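The values are calculated or read from the model by the stated rules, or taken from the named source; none is laboratory data. Predicted, not measured: the structure shown is a model, and the values here were computed from it. Because the Cβ atoms are built from the backbone with ideal geometry, glycine has one as well, and the counts that use them run over all protein chains shown.
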Amino acid sequence: MPIWILRDFSKCSSCKLCEIACSLKHEGVVWPEASRIRIYELIPGLPVISTCVQCDDYPCVSSCPFQALSTGEHGQVLVDENKCTLCGTCVYACPGKIPRIVRGKLGVIICDLCNGEPECVKICGEMGYHALQLVNKPDGEIVKNYLVSPEDASLKLLAKAIGEE
Amino acid sequence: MKGVWGRLLEVDLTAGTSRSIEIPEKVYRMFLGGRGLATYLLAREFREKWRFLDPLSPDNPLLLLTGPLTGYYPGVKLSVSGKSPQSNSIIGSVVSSEVAIELKASGFDGLVLKGSCEKPCYVFVENGNVEIRDASSIWGLGGLKLIKQFNSLLKEDVKADPKTPFVYIGPAGENKVRTAAVMAKLAHAAGYGGYGAVMGAKRVKAVAVKGYGSLPPVDDPESLNTLFRSALGNIKERMKRFRQWGTTEGTWHTGYYLSSMPVKNWSEEWHDVKDFSHVGFELETWVKNPWADWGCPVACMKLSIAKWKGEVFITDNPDYEMAAYLGSNLGVFTPKGAVVLSSLADELGLCGIQTGNVMGFAVELYEKGILTRDEVGYELKWGDVECLARLMKDIAYRRGIGEVLAEGTFRAARLLSEKKGVDLTKYAIQVKGIAVGAHGVRSGKDYPQPISYALSVQGGDHTSVAGFPVNSTESEAWYSILDSGVVCMFTVLDDSSLLEYLNKVTGWGLDPGEFYDIGRRIITLQRILLLIGGPDAEWSARDDDNPPRFYEPLPTGPYKGSALKREEVDELKKKYYAEMGWDEKGIPSEETLKRVGLEEFTPMLNMLY
Ligand code: SF4
Ligand code: SF4
Ligand code: SF4
Ligand code: SF4
C-alpha cells in the first residue's frame, strides 16, 4: 500500500529536526545537505517544506538513462548507487527538481520513505509539531501540486500572513 | 579531534584574502569555543596593546564562532564577539543563526573578520571559499526588505543555494551606533556588546555562509543519538509553557508577580495591565505559533504582525526583553505598540535592550526638564509610540539628539553630564557600559543575587550574571560555558547532562571540576581584559556596583519598599573576589592564573596594579 507524507506549512515550526533526523538515519551523522527533506526558510518564520511527492508517473524514474531509479512497495523512489552516474537527467525531469546531487554521495538522493517508517514524520510528531503526517497516497496528479518553487511559495505565505493582495 | 574541526577561517577584508588557522585541541579543551575561544584569541593577539585597541577601528577583529556542541545539542547559537564598543572588553554575544551550522558544514569552527572594506561589501563563504562582494545595492536596508533583496542578490550575484543563511546589520550598524546588533532571521540579534557597530565599521553588510559537508565526527555517535532523542523529549516536556507563550510570559510573570520588569526607566518594576501579557499578545498580534530555530524542540518564537499608520510591522513574539524594554520601560503597555517598536528596532538593526534603555534614559531626562524640547526637536512622552519611533530612528541615523544617544547609555550619560554640568549617571541603568537586562534585582524574586550584574564580567548582560556558589548553574562560569559550548540557555537541562553530552561529543572525559574550571578560566581572562579596558573607558573595583537606582526603594507593587542594601552588596563583593581568587581590588591573582592554566597572561597583570 503506497504511503505518503502530508505536509502542513502553517504547522511547520521550521525547526529542521526532520532534516537532522533524515541525515542521521541515512548517513549516521548530522549532515543537513544530505537530508532528503528540505525546509526552505527564505522568509523567516514562514517555512516551505520540500521533498519528493512520489509522482503518479514518476518522471524521474523513466528519465534515467542508466536505469538507476526504480520504485518500491511503499511508492518510494529507490536509487541504485552502483548504477547512478550523477548525470543529473532525473533532476531536470522532476517537476520540483527534487533529486539532489550532494558532494560526497555516490548517487542522487531522493526520499525513500525510510522504507515505510519515515523518520522525519516521527520526529516532527514527537516534537508535537505534526507538520508532517503519514497518510495513504492520494491518487493521481494531485500530489504534484506540492512541487512549488520555494521562492514563490515563500512570498505567497508572506503575502497571506500580512494580509496583502 | 572530535566535535570540532580544529580550524577557523580568517578573512582579511583590507587585503581581500583568506586563510585557515589551525587551533590545537588543547585550546578547545581549555576554552571550548565561542566566547571562551574568542577571549583566548584576542588576549593572545593583543596582550598589553588591548588598552589601545579602538573597538571601532579596522584592527578590532569580529569573531563568529561555534563550539563543540554546535549542531549536536538541540537548538543553535552563533557566538559573536570582538572588543565591545560598549564595555571595551569581550562580550560573548549569541544569536540564533544557521550560519553556525553552515560554518561547521564547511569544515570550519568559525569565521574571523579582520581589517575593513573600502566600500560596502558582503562576505560569501561557500564550502570555505571566500568571496568579498559589492553590497551597495543593499546598503541602508534592514528587516524584511533587506532579507528579500539579499536573497535575490545572493541568487543572482553568486548563485547561492536558496538555503544560504546570513547575519547582517541594519542602518544602525552602518552608522556605527554603539547599541547596534548583528542581526539574523529578521528578529534575532546578537545585541549585547554592540557588535553591529563593529561590523559597520568594517563596512560589512552581511555574512552569508553555505557548507555542503557533514558536521565533524563525534566521539561516540551511537550513544549521542540516544542522548539527542532523549534530550529532545525532556526539553519538550519541561518547556511546555515556553512553547506556548515563549518568553512573552514574562510580561506578566516578571512584571506582575516578580515585580522585576523595567517600567519607565526603572522608576518602577511592577505593572498590572492584563492586556500587556502573553494573552494580550496572542490575541492581538500572533499570526504563527510556534516558530523554532534549527534543531530546537522549544520553539519559543511566534510570528507577530501589527498594522500601524498604514504600515505593516512584523517581528517575533516580541520576546520578553523586547516587550519590556520597548514596552513598559518606555511606558508603552499595548501589545501593538511593543510590536511596532520591536519591529522597528529589528529593521534598524538595533539591540532592543540597549536602545530601549538609552531611550528610557532620554525620556526621563526630558520629563525632569534636563533635556529640553529645543535639544530634542520634539516632545518626548512615556507611552507615545509616535515620538518614541521617531527617537529610535534618530538614534539609528545619529540625527539631532540621536547623535549623543547613539553612544549608548553609559557614554550618553557621561557626555550629557559634562555638557549640563550635573551628574546624570544616577539615571543611567547600566553596569560597565552595558545597559542592564530586563530583570530587576530589587524584589529579590527574579534575579535574586544583588551581585548578578555588579560582578558580571559582561556588566548588565542578563545572560551572563554572577552569583554564588561560584561553581554552579548560579554562577557566571556556567553562563560562560553555555556561550562557549555554544548552546542556547533555553534548551539546556542541567550541568550534569550538558557535561555528559560534551564528553560524548568530544571524548574528553572531563569531570565536573574540570568542567567548571573551563568557565572559571574564561571569566578570569575576560576579567583581565575588562580591567585593562580602554581606550575611551576603563573600569576598576569601584565600577563593580549596581546602577544607583537599584538602591532606591521600589515605589509600587507587592515588593514596595524593597531595595538593594549597600552594606550587603559590599559584603558579597568581598566574598566574591575571595572565592574567585581575585585580590581586594578585584584583580585576579597570579596564583589564580596559575591554577586555571593562564600563566602566559601573567605579564598583563602589571598593567592593573
Ligand atoms: S520537523 Fe516538522 S516542524 Fe520541524 S521543520 Fe520539519 S516539518 Fe517543520
Ligand atoms: S543522476 Fe543518477 S539517477 Fe539521476 S538520471 Fe542520472 S544516473 Fe539516473
Ligand atoms: S517528485 Fe521528483 S523525484 Fe519525486 S517522484 Fe516526482 S519526479 Fe521523482
Ligand atoms: S521519509 Fe525518511 S528519507 Fe524521506 S525525507 Fe523523511 S526521513 Fe528522509
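Numbers at a glance
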quantity: Cβ pairs under 7 Å, 6+ apart, first in the range A:122-137 and closer than 21 Å to A:TYR58 by Cβ, second within 16 Å of ligand 2 (Cβ to nearest atom); calculated: A:LYS137/A:GLN54
quantity: Residue in the range A:93-112 that is away from ligand 2 (no atom under 16 Å from the Cβ), free of Cβ contacts under 8 Å to residues at least 24 places away in the same chain, not in a helix (DSSP H, G or I) and not acidic (Asp, Glu) present; calculated: no
quantity: Complete set of residues in the range B:1-25 that are assigned to a loop (DSSP other than H, G, I, E, B) and of a type in the set (Ser, Thr, Tyr); calculated: B:THR14
quantity: Residues satisfying the stated conditions in the range B:308-320, i.e. surrounded by fewer than 24 Cβ atoms within 10 Å (Cβ to Cβ) and facing chain A (nearest Cβ under 8 Å); calculated: B:VAL312
quantity: Check on A:CYS90, more than 13 Å from chain B (Cβ to nearest Cβ), more than 16 Å from ligand 1 (Cβ to nearest atom), farther than 19 Å from A:ILE5 by Cα and in a helix (DSSP H, G or I); calculated: yes
quantity: Elements of type helices (runs of 4 or more DSSP H) contained in the range B:143-239, each with 3 or more residues being surrounded by fewer than 23 Cβ atoms within 10 Å (Cβ to Cβ) and touching a residue at least 24 places away in the same chain (Cβ under 8 Å); calculated: B:143-158, B:221-238
quantity: The range A:46-65 residues that are within 14 Å of chain B (Cβ to nearest Cβ), paired with ones that are within 16 Å of ligand 1 (Cβ to nearest atom) and modelled with pLDDT under 95 (beta carbon under 6 Å, 6 or more apart); calculated: none
quantity: The range A:6-29 - residue that is surrounded by fewer than 24 Cβ atoms within 10 Å (Cβ to Cβ) and not in a loop (DSSP other than H, G, I, E, B) and, of those, farthest from ligand 3 (Cβ to nearest atom); calculated: A:LEU24
quantity: Checking B:GLY107 against (1) buried (at least 24 other Cβ atoms within 10 Å of the Cβ); (2) within 13 Å of chain A (Cβ to nearest Cβ), the condition it does not meet; calculated: (1)
quantity: Residues of the range A:103-147 satisfying the condition of being within 14 Å of chain B (Cβ to nearest Cβ), surrounded by 14 or more Cβ atoms within 10 Å (Cβ to Cβ) and more than 21 Å from B:GLY295 (Cα to Cα); calculated: A:LYS105, A:ILE109
quantity: Meets criteria (closer than 30 Å to B:GLU571 by Cα and assigned to a loop (DSSP other than H, G, I, E, B)) for B:THR409; calculated: no
quantity: B:ALA537 in a helix (DSSP H, G or I) and either in the same structural domain as B:TYR72 (by the TED database) or closer than 30 Å to B:ASN265 by Cα (or both); calculated: no
quantity: Condition check for B:GLY369: surrounded by 24 or more Cβ atoms within 10 Å (Cβ to Cβ), in the same structural domain as B:GLU249 (by the TED database) and at pLDDT 95 or above; calculated: no
